[in-house]
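Worksheet: one structure, shown below.
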Amino acid sequence: MPTTSEIKRQLRAQRIETPSWAYGNSGTRFKVFAQPGVPRTVEEKIDDAAQVHAFTGVAPSVALHIPWDRVDDYSALARYAEDAGIRLGAINANVFQDDDYKLGSVTNPDPRIRRKALDHLLECVDIMDATGSGDLKLWFADGTNYPGQDDIRARQDRLAEALAAVHQRLGGDQRMLLEYKLFEPAFYTTDVPDWGTAYAHCLQLGDRAQVCVDTGHHAPGTNIEFIVAFLLRAGKLGAFDFNSRFYADDDLMVGAADPFQLFRIMFEVVRGGGHDPAAGVAFMLDQCHNVEPKIPGQIRSVCNVQEATAKALLVDRDALAAAQSSGDVIGANDVLMDAFRTDVRPLLGELRAELGLDPDPLAAYLRSGYQERIAADRASGAQAGWGA
Ligand code: AOS
Ligand code: ZN
Ligand code: ZN
């Protein structure tokens, strides 16, 4: 059983990255409800992400999305983030929001459009060079809506070709994180629909290619912790896009729908050594706050990831191994459930106090006056939103 100070040491080392797009307005295809104080520029998104870090102490980076966060000078943006107390994290490419991509991006039957998509991915690596970001996150909306619409196998060939060109371009500590998603926007075939497809491509590509597990991207009932255990064992778990879902890719606050699942996932992360920063697993959030306030939504998610991690670290692994090897089915399950049922909020409160933070980050943020200030200061000008 790890000691409290060991658990705290590991929690202090954990890093959770927030996404720039979580701070802008978002919604569904039916309606986007604008909120007061939402950022108008990428710098303002960085300011808001810095608040999440200031109150939680474990969210020191923000992921960018290109072109939503396009600027002229990325090195200057990196300095801006540094001055705000955080750094720029993963670069998320976007090859899904251009009319040209109606029939796909890197898997499009038209070679001109494939070239355009690849050029964007390579441009994202140039941006990484300027920002110092280590991770390129790739999610493809590519797929088809009707049987016969395109050649499923040829699309895999085109995908492999584009991924290889990107892999080839990476240098230094850079890597690519390939994200999969069961469906949406394509409704018949998706070119990277599941972890197996992503894993197979990454395996073929080489060491700089790893899989990103977005927790909202599976069929209902999928055992995500199994996927996590498998990928970690294979050295191919690169990152998480954490969020929660009740139905499909709902992008709700982490741990809101199923805190037990989040615990089970984090237990497999801990079991496989993935919580050790040296393992290089990036814990990112991928959320769209449609009705809840943005910064509080991110703070809540960061705290929920931390809570699940603390519970996972609390599992008495020796007792678990003993129960497992003696075939004590109920005893083994009890060991896991004991940790899940433990209230770790006092432990996290202590940890934050030791870091000089308020034990309750959300309450402290709400008291800080920041929300009122941005609502007043950002009253004019166009707000950033999903897609802008
Ligand atoms: C899309 O469903 C994926 O979750 C992406 O990771 C992400 O939400 C999008 O690319 C925004 O960057
Ligand atoms: Zn995602
Ligand atoms: Zn998604």
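Could you check the spin-label model distance between N333 and E161? Points 7 Å from the Cα along Cα→Cβ, value in nm.
5.2
For the ranges 303-315, 165-177, what's the packing order if you count other beta-carbon atoms within 10 Å of each residue, average per peptide, and put the highest first? The partial results should precede the final answer.
Numbers: 303-315: 23.6, 165-177: 17.5.
Final packing ranking: 303-315, 165-177.
Any chance you could count the Lys pairs in the chain whose alpha carbons are under 14 Å apart, treating pairs 8 or more apart or on different chains as valid?
4
If only Cα atoms are counted, what is the Rg of segment 147-194, and what is its Dmax, in Å?
13.1, 42
Could you work out the helix-only [θ] at 222 nm for the chain, with each DSSP H run of four or more residues adding -39,500 (n - 2.57) and the total divided by the number of residues, to the nearest 500 deg cm²/dmol? Let's see the in-between values first.
Values: 14 runs with 178 residues, N = 388.
That calculation yields -14500 deg cm²/dmol at 222 nm.
Could you work out the relative contact order of the chain, using alpha carbon pairs under 8 angstrom and six or more residues apart, expressed as a whole percent? Before the final figure, lay out each step's value.
Details: 701 pairs, mean separation 84.6, N = 388.
Relative contact order comes out at 22 percent.
Starting from the Cα-Cα distance between D207 and S325, subtract it from 0.36 nm times their residue separation and give me the gain in nm to one decimal.
Details: separation 118, 0.36 × 118 = 42.48 nm, distance 3.43 nm.
Contour length minus Cα-Cα distance gives 39.1 nm.
Tell me the net charge near M1. Cut-off is 12 Å between Cβ atoms, M1 excluded, with +1 for each Lys or Arg and -1 for each Asp or Glu. The partial results should precede the final answer.
Values: positive: R317; negative: E6, D316, D318, D338.
Computed value for this residue: -3.
If we count every other residue with Cβ under 9 angstrom of I374's Cβ, Lys/Arg +1 and Asp/Glu -1, where does the sum land? Walk me through the numbers on the way to the answer.
On the way: positive: R373, R378; negative: E44, D47, D48, E372, D377.
Surrounding charge for I374 is -3.
Taking R0 as 41 Å, what's the FRET efficiency between F246 and E43 from their Cβ-Cβ distance, rounded to 0.05? Spell out each step's value before the answer.
On the way: r = 34 Å, r/R0 = 0.84.
E between F246 and E43, to the nearest 0.05, is 0.75.
Using 7 Å Cα-to-Cβ label points, what is the E184/V291 separation (nm, one decimal)?
Between E184 and V291, the label points sit 1.6 nm apart.
For segment 49-95, what class follows from the C-alpha gyration tensor (a ≥ b ≥ c being the square roots of its eigenvalues): rounded when a/c is under 1.5, otherwise prolate if a/b is larger than b/c, else oblate?
Values: a/c = 2.95, a/b = 1.56, b/c = 1.89.
Oblate.
Considering only DSSP beta bridges where both residues belong to segment 117-239, give the percentage that are antiparallel (nearest 5). Please list the in-between numbers first.
Values: 2 of 12 bridges.
If we restrict to bridges inside segment 117-239, about 15 percent are antiparallel.
Please work out how much length the chain gains when fully extended from D110 to N223, using 0.36 nm per residue of separation minus the C-alpha to C-alpha distance, in nm with one decimal. Can you show the working numbers first?
On the way: separation 113, 0.36 × 113 = 40.68 nm, distance 3.69 nm.
37.0 nm is the gain from fully extending D110 to N223.
Using all C-alpha to C-alpha distances in the chain, build P(r) with 10 Å bins and read off the rounded percent in each one.
Reading upward from the zero bin: 5, 23, 33, 26, 11, 3, 0.
Which peptide among 121-131, 335-345, 12-22 comes first, and what is the full order, when sorted by highest mean count of other Cβ atoms within 10 Å? If you can, show how the numbers build up before the last one.
On the way: 121-131: 18.7, 335-345: 15.5, 12-22: 22.0.
Those peptides, ordered most packed to least, come out 12-22, 121-131, 335-345.
With a sphere of radius 10 Å drawn around the Cβ of H65, what net charge do the other residues whose Cβ falls strictly inside it have (Lys, Arg +1; Asp, Glu -1)? Each step should come with its number before you reach the end.
Values: positive: K45, R70, K137; negative: D69.
Once positives and negatives cancel, what remains is +2.
No value in this document is a laboratory result; all are computed from the given coordinates. Please read all numbers here as calculations on a predicted model, not as lab measurements. Cβ sites come from the backbone with ideal geometry, for glycine too, and all protein chains shown count toward neighbours.
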